[in-house]
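Since every read-out is calculated from the coordinates, none of them should be taken as a lab result. None of the values given here were measured: they were computed from a predicted structure. Cβ: placed from backbone, ideal geometry, glycine included. Neighbour counts: every protein chain shown.
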Amino acid sequence: MVISMSATTVLAANANPKNPTEKPAVPAKTENKLNDEQVNRLKSRVKEIRDMDKSEMSSSEKLALRKEVKEIKQTVKREGGYIYVGGATVVLLIILLIILI
């Protein structure tokens, strides 16, 4: 059983890459954290967009605003540094705390 489990990992390796100069992708480690001033500026821009009167705008202008808000949210999410914890994780943590205490 051990041999059959290890054979799949050996056979899965690509011994002959298509390009001999091909290197595995390594993500660059960069610290692009937003400071508080930048986050506040982005939040104020989102509030400004939401408070606009969009009734007289064309559909292309509304689409541009939606894209801008989406990009701002992605930027804050990517570089803002907050942690998302799902419901199942919270339940699991509570159960572990009950068991350990």
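Give me T75, T89 ranked fewest to most by other Cβ atoms within 10 Å of their Cβ, as a rough exposure proxy. It would help to have the intermediate numbers written out before the result.
Values: T75 15, T89 10.
Least crowded to most crowded, the residues run T89, T75.
Using the Karplus equation 6.51 cos²θ - 1.76 cosθ + 1.60 (θ = phi - 60°), what ³J(HN,Hα) coupling, rounded to whole Hz, does each residue of segment 49-59 give in order, writing x for Gly and Pro?
Values per residue, Gly and Pro as x: 5, 5, 7, 5, 8, 9, 5, 9, 8, 7, 5 Hz.
Quick one, what does Rg over Rh come out to for segment 33-82 if you take C-alpha atoms and the Kirkwood Rh?
Working: Rg = 12.2 Å, Rh = 11.7 Å.
Reported Rg/Rh (Cα atoms, Kirkwood Rh): 1.05.
Per residue of segment 65-70, what does 6.51 cos²θ - 1.76 cosθ + 1.60 with θ = phi - 60° give for ³J(HN,Hα)? Whole Hz please, x for Gly and Pro, Karplus curve as stated.
5, 4, 5, 5, 5, 5
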